[in-house]
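Single-structure report; data block below.
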Amino acid sequence: MDLKQLEYFVHVAELGGFTRASAFLRIAQPALSRQIRALEVELRQSLFERNGRGVTLTEAGKRLLAHSRGILQQVERARQDMEDQRGAASGHLAIGLPPSVSRALTAPLVAAFRARFPKATLTVVEGLSTYMLEWLQIGRIDCAVVYNVTPSPAIDLLPVLDEVLYLVSARGAGGARVGPPLPLAALADHDLVMPSRPHSIRMLLETALVAEGRRAQVATEIESVPAILDLVQHHGLHGVLTLNGVRSHGHPDVFTVRPIVLSGGAARLTTTQWIATSAQRPRGPLIEQTSELLRELMLELWSVLAEEETIA
């Protein structure tokens with residue numbers, strides 16, 4: 001197995017066929033096929049299922065694709081690190097953002113990144129915190145914004161800010177956009193739509209309710225924030241999200257949100273945002289400086305959201 005074979009394999013997988021991949025790579029299709037076949041012989045597994053429309057990945061192929069992307073990205077990082085000169089950071093960076101954060105943060109991040117690092121390129125991907133921690137470890141991304149993660153020797157974590165959690169309901173006629181605080185224990189009386197375990201907010205909520213002697217009534221499990229909000233708006237269920245998660249809907253005024261308060265009514269239930277990077281790979285100047293840029297943007301944007309919440 002060599003890097004060229006992995007590169008060819010990734011292109012065939014992503015483009016869905018040998019013809020398109022050979023045209024993109026500008027190599028003869030028979031030569032490309034021989035390289036992929038040699039890889040399959042070495043691994044003693046079929047990587048593709050051939051059909052009239054192209055190819056699809058086998059289960060072994062899907063596993064190799066995840067590894068191959070990480071390996072190729074790490075090789076590129078090593079090359080960039082060795083070539084890096086003093087001055088402006090350069091290279092390519094991949095950042096992971098949760099769906100509830102991506103809508104507010106992606107555009108300002110891209111604009112600030114291009115202005116600050118004109119010699120660098122950026123990829124932004126969306127994913128749940130659990131998935132992004134896995135992507136960090138295999139090298140698919142370089143850093144990520146994650147919620148409520150468990151400390152691990154493989155991951156470096158920088159705490160950034162806390163976000164209040166809200167019970168989100170459909171807004172009836174004449175209803176308020178921001179309702180009165182809801183005691184945590186009363187949350188157990190609502191039919192909820194939430195992501196499945198081990199989603200960070202799901203685990204946080206269930207742990208907090210157990211301490212109150214109550215249990216969350218999760219009627220439906222959905223991983224997608226837009227789908228959760230659709231079910232809340234049209235099907236009488238309730239969600240538990242941050243205010244920024246509700247804003248990602250595009251029409252937040254159709255919902256009523258109520259902050260969830262802990263026993264005594266003074267403290268609110270919050271979730272912590274962290275910037276995560278791999279502790280197992282060297283961090284070059286681009287990762288270091290972009291992590292600081294991320295932190296600056298998040299603190300600035302979320303302070304504006306907090307002001308809007310107070311006004312509301």
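The values are calculated or read from the model by the stated rules, or taken from the named source; none is laboratory data. Small disclaimer: the values here were computed from a predicted structure and weren't measured. Please note: Cβ atoms are built from the backbone with ideal geometry, for glycine as well, and neighbour counts cover all protein chains shown. The area values use the complete protein model at the heavy-atom level, side chains included, leaving out ligands, DNA and RNA. Shrake-Rupley method; radii C 1.70, N 1.55, O 1.52, S 1.80 Å.
Couple of notes before you dig in:
- For the criterion of being within 30 Å of Ala112 (Cα to Cα), open to solvent by 30 Å² or more (accessible area, probe 1.4 Å) and either part of a strand (DSSP E or B) or among the charged types (D, E, K, R) (or both), Arg258 fails.
- The single condition among (1) under 23 Å from Asn148 (Cβ atoms); (2) touching a Ser or Thr at 6+ places or on another chain (Cβ under 8 Å); (3) modelled with pLDDT under 90 that Ser291 does not meet is (3).
- Residue ranges of strands (runs of 3 or more DSSP E) in region 170-251 with at least 1 members touching a helix residue (DSSP H, G or I) at 6+ places or on another chain (Cβ under 8 Å) and over 16 Å from Ser100 (Cβ atoms): 217-221
- Within region 180-194, the presence of a residue that is open to solvent by less than 30 Å² (accessible area, probe 1.4 Å) and modelled with pLDDT under 90 is excluded.
- Condition met for Pro183 (more than 17 Å from the chain's Cα centre (by Cα) and farther than 16 Å from Val225 by Cβ): yes
- Residue list for region 124-143, restricted to those being of a type outside the set (Ser, Thr, Tyr), under 15 Å from Asp156 (Cα atoms) and either touching a Phe, Trp or Tyr at 6+ places or on another chain (Cβ under 6 Å) or open to solvent by 10 Å² or more (accessible area, probe 1.4 Å) (or both): Leu133, Glu134, Trp135, Gln137, Ile138, Ile141
- Of the strands (runs of 3 or more DSSP E) lying entirely inside region 1-111, those carrying at least 1 residues that are of a type in the set (S, T, N, Q) and modelled with pLDDT under 90 are 48-51.
- Flag if Arg63 is open to solvent by 70 Å² or more (accessible area, probe 1.4 Å) and farther than 19 Å from Gln137 by Cα: no
- Of residues in region 112-122 being open to solvent by less than 60 Å² (accessible area, probe 1.4 Å) and not in a helix (DSSP H, G or I), the one nearest to Ala276 (Cα to Cα): Leu122
- Region 215-233 - residue that is under 21 Å from the mean Cα position of the chain (by Cα) and of a type outside the set (Val, Ile, Thr) and, of those, surrounded by the most Cβ atoms within 10 Å (Cβ to Cβ): Leu229
- Flag if Glu206 is within 19 Å of Tyr147 (Cα to Cα), surrounded by fewer than 15 Cβ atoms within 10 Å (Cβ to Cβ) and within 22 Å of the chain's Cα centre (by Cα): no
- Scanning region 262-275 for residues being more than 19 Å from Tyr147 (Cα to Cα) and surrounded by 16 or more Cβ atoms within 10 Å (Cβ to Cβ) gives a total of 1.
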